[in-house]
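> Here you go, one structure.
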Amino acid sequence: MQSKKTKTLEPQTETKLAELQQTRERRTVLMQGNEAVAYGALDAGVNFFAGYPITPSTEIAEILSVELPKRNGVFVQMEDEIASICAITGASLAGAKSLTATSGPGFSLMQEGIGYAKITETPCVVVNVQRMGPSTGMPTSPAQGDIMQSKWGSHGDSPAIVLYPDSVKESYELTIRAVNLSEKYRTCVILLLDEVLGHMREAVCLPDLANVRVISRIKPTVPPHWYKHYDENQKYLSPLASYGEGYRFHVTGLTHDSHGFPTNKSTEAFEMMERLRKKISYNIRDLVQIESHKMEDATIAIFAAGIVSRAAKAAIVMARAEGIKVGLLRPLTIWPFPDDAVRKMLRNVETVIVPELNQGQFIGEIQRLTKDKSESNVISLQRCDGTLFTPNDILRKIKEVS
Amino acid sequence: MATIPQKIVHQYLRHDKKFPHVWCAGCSNGIVLGAIIRAIAEMDINRDDIVMVSGIGCSSRMPVYIDLNTLHTLHGRSIAYATGVKLYKPYMKVIVITGDGDCTAIGGNHLIHAARRNIDLTVILINNNIYGMTGGQASPTTPHMAIATTAPYGNIEPDFNVCNLAMGAGASFVARTTAYHVQEMQKYFIEAINHPGFSLVEVESACPVIYGRLNKKGGAPEMMKSMRDNTIPLAAYEKLPKEKTEGKTIRGILRQEVRQEYCAAYQDLIKRVNVKEGK
């Protein structure tokens with residue numbers, strides 16, 4: 001990896017955490033991406049983990065099996081990934097902050113359960129340390145093949161929140177953010193990691209716990225007979241009771257009314273679907289995070305997420321040394337897609353290069369937004385062989401189009 | 001709104017929500033629901049402390065009608081969801097309502113592993129020998145050579161003995177009864193809910209509209225009588241000569257033993273870890 005070069009580039013993360021980095025006592029440790037996720041989960045208040053071993057995510061389970069009992073949290077190794085997503089959803093309904101970690105094959109198995117968590121608006125987090133697919137694929141090789149699955153994997157329309165870090169430090173931060181967003185928006189939030197990121201070690205300086213911003217679900221204050229499990233208040237963020245608190249609500253995966261009882265009425269079905277959609281689309285500003293790197297004067301932009309953006313940043317340094325004005329737009333939130341930022345990028349540059357470790361998943365989203373630009377300006381760079389882009393791969397493309 | 005009669009069952013139903021129920025005339029599910037309610041009432045458990053979890057199927061529609069904490073989950077996954085609830089709040093009583101297809105086909109894996117862990121769930125498996133909700137397909141408990149819409153020439157597969165399956169997997173309380181034996185059923189439910197460990201009560205039930213019609217078993221009364229006549233209590237079964245027990249099903253508590261319960265084991269682990277850590 002080009003870690004030495006990229007480390008000098010400015011980190012773009014949640015501003016509060018970035019500020020905190022400067023004020024607290026520093027203690028730097030060498031840490032793996034998977035470790036960072038585990039400690040991020042603990043710092044975010046996760047107290048329930050259910051999972052099943054799968055390369056390359058297993059370290060997350062292993063670390064939490066050590067750490068959760070120390071904090072009176074629950075760690076359980078389930079019989080499969082389906083059971084894992086079910087158990088974390090059940091625990092969340094009982095009041096837990098819950099998380100599971102998996103990789104491609106397990107992520108595929110979890111899709112029905114992810115849909116259930118979304119329709120029942122139950123907070124939980126699924127970490128998918130992506131490996132090369134399809135099927136068993138290459139378990140220890142990187143690929144970005146789950147970009148679309150993380151949005152469309154479950155049947156039916158179900159708006160998604162998916163975060164995608166590019167470094168070990170950001171894995172920690174985005175794990176916390178994933179837990180926070182799941183609690184705030186009452187949904188299953190997905191954190192995508194690259195295999196390489198999960199296993200890569202970098203120097204990381206974690207903030208003091210007191211400085212970590214933790215969001216927890218809003219609790220109802222109304223008496224039980226007034227409680228609506230899916231109350232339509234401002235911006236669709238409604239309070240959530242837990243089992244055992246006297247509210248005795250009903251939860252079902254069937255299309256339901258605002259109390260949670262199943263319905264076949266088209267008006268109520270429409271209302272529920274709109275609620276799920278608007279919950280995300282009305283809060284795009286809060287959800288979308290992007291890093292805009294050297295884009296001010298760029299004529300060529302690279303759109304890349306996760307580990308690919310690290311090679312892109314190195315390529316940008318090399319290209320700029322040769323006088324080519326290249327910038328990077330990196331989504332930290334890939335779903336909802338940062339439409340506005342991408343539109344702005346398309347307006348301001350002549351060419352967009354979209355390198356991705358798959359057979360073209362992000363590229364379609366960019367092309368969707370190219371109404372006023374000819375398609376030739378959006379150039380796809382694909383690699384799907386279990387290896388990473390080198391900075392030179394990207395540099396070559398930059399030179400080709402400049 | 002009509003006045004609500006004040007029998008025990010009526011105090012536990014969600015009258016103003018989703019009635020009438022979805023079950024066919026003659027279905028046993030209502031009898032089982034009544035027995036569960038009377039068991040809960042007799043045990044006098046605070047209903048805020050009970051979670052009823054179910055999967056998908058006719059029987060799994062039960063939680064919507066009962067005023068408890070209720071969770072209607074995915075097909076086959078009720079035990080996995082229940083495991084999450086129970087582990088996070090071990091003081092709660094978690095009752096799983098499931099059917100033969102839900103529990104032993106798509107959910108078979110979760111059943112055997114929950115039994116192996118001996119987690120304190122009470123699984124009430126309502127066995128109607130068929131997939132009722134989807135219209136009568138063969139399930140793992142459809143008897144050999146019985147007719148189903150996906151076994152039109154007779155089911156060539158052997159059927160599961162669910163109680164033996166659970167015992168083999170390590171369940172510490174296993175009982176079998178039928179929808180005909182209402183008081184016995186209620187008694188077993190109480191025993192199962194009180195049992196500190198994984199418990200499974202298999203309730204044979206009548207599905208006259210689908211299973212009964214496909215297999216010419218008559219209406220609900222005939223199927224009820226058949227459950228009365230074709231089952232033998234465990235104690236009598238052991239004494240009777242073989243020719244009299246041929247083809248009959250045993251009713252009774254087939255296993256009741258105490259071994260370490262999973263949530264308790266986890267609490268012990270937490271204590272052990274924290275002592276080691278000097279907390």
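> Within the group A:GLY115, A:GLY106, which residue is within 17 Å of A:LEU192 (Cβ to Cβ) and under 17 Å from the mean Cα position of the chain (by Cα)?
Going through A:GLY115, A:GLY106 in turn, just one is within 17 Å of A:LEU192 (Cβ to Cβ) and under 17 Å from the mean Cα position of the chain (by Cα): A:GLY106.
> OK, next. Out of everything in the range B:52-69 that is within 15 Å of the chain's Cα centre (by Cα) and free of Cβ contacts under 8 Å to residues at least 40 places away in the same chain, what residue ends up being nearest to the other protein chains (Cβ to nearest Cβ)?
Here the residue is B:PRO63.
> State yes or no: is B:ASP159 among the acidic types (Asp, Glu) and within 14 Å of the chain's Cα centre (by Cα)?
no
Conditions tested, residue by residue: (1) of a type in the set (D, E, K, R); (2) surrounded by fewer than 24 Cβ atoms within 10 Å (Cβ to Cβ); (3) assigned to a helix (DSSP H, G or I).
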| site | (1), (2), (3) |
| --- | --- |
| A:ASP166 | yes, no, no |
| A:LEU174 | no, no, yes |
| A:LEU181 | no, yes, yes |
| A:VAL189 | no, no, no |
| A:LEU193 | no, no, no |
| A:GLU202 | yes, yes, no |
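> Checking B:ASP49 against (1) more than 8 Å from every other protein chain (Cβ to nearest Cβ); (2) more than 15 Å from the chain's Cα centre (by Cα): exactly one of these is not met. Which one?
All conditions are met except number (1).
> Same structure again: Between a first residue in the range A:219-245 that is more than 13 Å from every other protein chain (Cβ to nearest Cβ) and under 18 Å from B:LEU71 (Cα atoms) and a second residue that is basic (Lys, Arg) and open to solvent by less than 70 Å² (accessible area, probe 1.4 Å), which pairs have beta carbons less than 7 Å apart while being 6 or more apart in sequence or on different chains?
A:TYR230/A:ARG275; A:LEU240/A:ARG186; A:LEU240/A:ARG217
> Here's another thing I want to ask about it. Can you tell me how many residues in the range A:77-87 are surrounded by fewer than 18 Cβ atoms within 10 Å (Cβ to Cβ) and either small (Gly, Ala, Ser) or more than 9 Å from every other protein chain (Cβ to nearest Cβ) (or both)?
1
> Looking at the range A:308-324, is at least one residue on the phi > 0 side of the Ramachandran plot, in contact with a Pro (Cβ under 9 Å, 6 or more places away or on another chain) and open to solvent by less than 10 Å² (accessible area, probe 1.4 Å)?
There is no residue in the range A:308-324 that is on the phi > 0 side of the Ramachandran plot, in contact with a Pro (Cβ under 9 Å, 6 or more places away or on another chain) and open to solvent by less than 10 Å² (accessible area, probe 1.4 Å).
For (1) part of a loop (DSSP other than H, G, I, E, B); (2) surrounded by fewer than 21 Cβ atoms within 10 Å (Cβ to Cβ), each residue gets a yes or a no:
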residue	(1), (2)
A:LEU328	no, no
A:ILE334	no, no
A:ARG347	no, yes
A:ASP385	yes, yes
A:ILE394	no, no
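> What are the pairs, 6+ residues apart or on separate chains, where a residue within the range B:97-121 that is touching a residue at least 60 places away in the same chain (Cβ under 8 Å) has its Cβ under 6 Å from a residue that is open to solvent by 10 Å² or more (accessible area, probe 1.4 Å) and aromatic (Phe, Trp, Tyr)?
That search, which allows pairs on different chains as well, returns B:THR104/B:PHE160; B:ARG117/B:TYR262; B:ASN118/B:TYR262; B:ILE119/B:TYR262.
> Here is a further query. Would you be able to say whether some residue in the range A:118-129 is within 14 Å of another protein chain (Cβ to nearest Cβ) and in a helix (DSSP H, G or I)?
Yes, the range A:118-129 contains a residue that is within 14 Å of another protein chain (Cβ to nearest Cβ) and in a helix (DSSP H, G or I).
> Here is a further query. Among the residues of the range A:44-69, count how many are open to solvent by 40 Å² or more (accessible area, probe 1.4 Å) and without any contact (Cβ under 8 Å) to a residue 40 or more places away in the chain.
Residues meeting the conditions: 4.
> Within the range A:353-373, how many residues turn out to be under 19 Å from the mean Cα position of the chain (by Cα), more than 18 Å from A:ASP339 (Cβ to Cβ) and hydrophobic (A, V, I, L, M, F, W, C)?
The qualifying residues number 1.
> Continuing with this model, one more query. Quick check on this structure: which one of B:GLY26, B:GLY76 is in contact with an Asp or Glu (Cβ under 7 Å, 6 or more places away or on another chain) and either open to solvent by 10 Å² or more (accessible area, probe 1.4 Å) or at the interface with another protein chain (Cβ under 9 Å from one of its Cβ atoms) (or both)?
B:GLY76
> Next question, about the same structure. For the subset of the range B:123-157 comprising residues that are hydroxyl-bearing (Ser, Thr, Tyr) and assigned to a loop (DSSP other than H, G, I, E, B), which member is surrounded by the fewest Cβ atoms within 10 Å (Cβ to Cβ)?
B:TYR153
> What number of residues within the range A:42-76 are assigned to a strand (DSSP E or B) and either among the basic types (Lys, Arg) or facing chain B (nearest Cβ under 10 Å) (or both)?
5
> Would you call A:ARG343 among the charged types (D, E, K, R), assigned to a helix (DSSP H, G or I), open to solvent by 30 Å² or more (accessible area, probe 1.4 Å) and in contact with a strand residue (DSSP E or B) (Cβ under 8 Å, 6 or more places away or on another chain)?
Considered against the rule, which asks whether it is among the charged types (D, E, K, R), assigned to a helix (DSSP H, G or I), open to solvent by 30 Å² or more (accessible area, probe 1.4 Å) and in contact with a strand residue (DSSP E or B) (Cβ under 8 Å, 6 or more places away or on another chain), A:ARG343 comes out as no.
The values are calculated or read from the model by the stated rules, or taken from the named source; none is laboratory data. Remember, it's a predicted structure, so these values are computed and weren't measured experimentally. Every residue, glycine among them, receives a Cβ derived from its backbone with ideal geometry; neighbour counts consider all protein chains shown. All accessible areas refer to the heavy atoms of the entire protein, side chains included, with ligands and DNA or RNA removed. Shrake-Rupley method; radii C 1.70, N 1.55, O 1.52, S 1.80 Å.
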